[in-house]
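Trainee: Before anything else, here's the structure in question.
The values are calculated or read from the model by the stated rules, or taken from the named source; none is laboratory data. Everything numeric in this text was worked out from a predicted model, so none of it was measured. No Cβ is skipped: glycine too gets one built from the backbone with ideal geometry, and neighbour counts run over all protein chains shown. We work out accessible area using only protein heavy atoms, side chains counted, and drop any ligands, DNA or RNA first. Shrake-Rupley method; radii C 1.70, N 1.55, O 1.52, S 1.80 Å.
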Amino acid sequence: MSVYTPVSESELADWLRNYSVGELKSCEPIKSGIENTNYFVTTTQGRYVLTLFERLPAEELPFYLDLMAHLARHGIPCPAPIANLSDHYLGSLNGKPAALVTRLPGKSIEAPGPKHCEELGALLARMHLAGRSYSSYLENPRGPKWWRFAAKEVMTFLDSSQQHLLQKELEFQAEQRFPDLPRGPVHADLFRDNTLFDGGRICGVIDFYFAGVDRLLYDVAVCANDWCLEETSALERTRTRALLAGYHALRPFTALEAKAWPALLRAAALRFWLSRLHDFHLPRPGMLVHAHDPEHFRRILESRIAAAPPWMA
């Protein structure tokens with residue numbers, strides 16, 4: 001659990017007077033996440049999620065909140081930001097930028113099957129299609145520029161074989177331009193724990209605070225590397241093809257995307273290996289901090305390098 005900025009019930013009750021959401025009934029720290037402080041908030045009028053942004057630049061926050069509002073208006077089951085009495089989504093609480101969004105029903109699943117993956121692919125395609133009319137722009141904040149920065153920060157913590165793997169992959173990715181791939185707003189972190197199901201259907205997609213504009217196929221690759229894994233870190237063929245087929249039925253892949261698939265799977269693995277290395281070796285001070293194991297994504301990256309990944313049948 002990660003709580004960097006504590007919020008008391010009295011502090012939250014005072015802050016909520018800036019909103020038309022009723023009186024505070026309870027607040028509970030959320031037992032997940034490593035980037036922001038999050039609380040479940042229940043009032044006399046509904047259930048919400050409070051997020052205090054710990055290190056995201058203030059100038060980037062409107063992109064995320066406005067994107068969520070845009071997608072919610074277009075029928076995507078994502079949290080809808082709540083405007084305060086001054087008609088702003090973004091406020092300030094205990095010295096940190098803060099936002100209140102609707103809390104969605106459902107639960108994440110630990111062991112998705114092909115039907116779950118197909119459902120995810122369709123939802124992701126719908127989200128990308130809805131994002132085409134979103135006019136704001138923010139380059140993926142965890143893209144290649146950040147990879148190079150993070151690699152310099154963590155390199156001294158790695159052994160020689162890990163350093164070699166990281167350096168060679170950065171060199172490989174620097175050669176993978178793919179300028180003609182379809183681009184648009186991507187979630188960029190749509191792991192199983194950020195997707196809520198109810199009765200086999202997705203009823204919620206949460207945590208858009210790594211979103212940005214990137215190649216749409218990159219978003220699919222991030223999902224595949226989490227949803228379609230075998231114990232060996234390889235991609236399981238049936239689930240991968242179900243994910244791709246669910247997506248392709250709504251936004252057909254191009255021939256260039258099929259060609260770029262192996263490289264973008266490696267890019268997605270590199271990004272999360274680096275972020276986990278950074279959080280593990282250079283943690284921020286906080287009340288309660290949960291860091292994921294970096295080795296998980298090192299093994300995934302090595303697997304993507306070693307074997308051709310499955311594509312559509």
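Trainee: What are the residue pairs meeting all of these: first residue in region 249-275, first residue β-branched (V, I, T), second residue at pLDDT 95 or above and open to solvent by less than 40 Å² (accessible area, probe 1.4 Å), Cβ atoms under 8 Å, and 6 or more apart or on different chains?
Mentor: As it stands, the answer is T254/L181; T254/P182, since those pairs meet every condition given.
Trainee: Additional query: Only one of A72, A58 is more than 18 Å from the chain's Cα centre (by Cα) and at negative phi. Can you tell me which?
Mentor: Every option except A58 fails the conditions.
Trainee: From F157, F178, F149, grab the single residue that is among the hydrophobic types (A, V, I, L, M, F, W, C), more than 21 Å from L229 (Cβ to Cβ) and without any contact (Cβ under 8 Å) to a residue 12 or more places away in the chain.
Mentor: Result: F149 is the single residue among F157, F178, F149 that is among the hydrophobic types (A, V, I, L, M, F, W, C), more than 21 Å from L229 (Cβ to Cβ) and without any contact (Cβ under 8 Å) to a residue 12 or more places away in the chain.
Trainee: Somewhere in region 113-127, is a residue over 15 Å from the mean Cα position of the chain (by Cα), open to solvent by 30 Å² or more (accessible area, probe 1.4 Å) and within 25 Å of L100 (Cα to Cα)?
Mentor: yes
Trainee: When the residues of region 289-301 are narrowed to those that are open to solvent by 60 Å² or more (accessible area, probe 1.4 Å) and part of a loop (DSSP other than H, G, I, E, B), which ends up modelled with the highest pLDDT?
Mentor: Filtering first and then ranking leaves D293.
Trainee: Here's a follow-up. Of the residues L100, L124, L104, which single one is assigned to a helix (DSSP H, G or I) and of a type outside the set (D, E, K, R)?
Mentor: Matching residue, one of L100, L124, L104: L124.
Trainee: Restrict the check to region 215-230 and report whether at least one residue is open to solvent by 50 Å² or more (accessible area, probe 1.4 Å) and either farther than 19 Å from G121 by Cα or not β-branched (V, I, T) (or both). Reasoning before the result, please.
Mentor: Quick first cut of region 215-230, residues open to solvent by 50 Å² or more (accessible area, probe 1.4 Å) only: 230.
Narrowing further to those that are either farther than 19 Å from G121 by Cα or not β-branched (V, I, T) (or both): 230.
Yes, region 215-230 contains a residue that is open to solvent by 50 Å² or more (accessible area, probe 1.4 Å) and either farther than 19 Å from G121 by Cα or not β-branched (V, I, T) (or both).
Trainee: Checking the conditions here, which among L165, L181, L196 is farther than 23 Å from Y247 by Cβ and out of contact with any Phe, Trp or Tyr (no Cβ under 7 Å at 6 or more places or on another chain)?
Mentor: Working: L181 fails: farther than 23 Å from Y247 by Cβ; L196 fails: farther than 23 Å from Y247 by Cβ.
The conditions single out L165.
Trainee: Further question on the same structure: Take region 238-268 and flag every residue that is within 20 Å of L123 (Cα to Cα) and open to solvent by 20 Å² or more (accessible area, probe 1.4 Å).
Mentor: Once the filter is applied, which keeps residues that are within 20 Å of L123 (Cα to Cα) and open to solvent by 20 Å² or more (accessible area, probe 1.4 Å), region 238-268 yields T238, R239, R241, A245, H248, A249, L250, R251, P252, F253, T254, A258.
Trainee: Within region 280-288, is even one residue more than 17 Å from the chain's Cα centre (by Cα) and at pLDDT 95 or above?
Mentor: no
Trainee: Are any residues in region 48-92 under 22 Å from L24 (Cβ atoms) and of a type in the set (G, A, S), and if so, which ones?
Mentor: Passing the criteria: A80, A83, S86, G91, S92.
Trainee: Next question, about the same structure. Which one of E110, E11 is of a type in the set (D, E) and assigned to a loop (DSSP other than H, G, I, E, B)?
Mentor: E110
Trainee: Ok, one more. Based on this model, can you work out whether R304 counts as open to solvent by 30 Å² or more (accessible area, probe 1.4 Å) and touching a residue at least 12 places away in the same chain (Cβ under 8 Å)?
Mentor: No: the conditions fail for R304.
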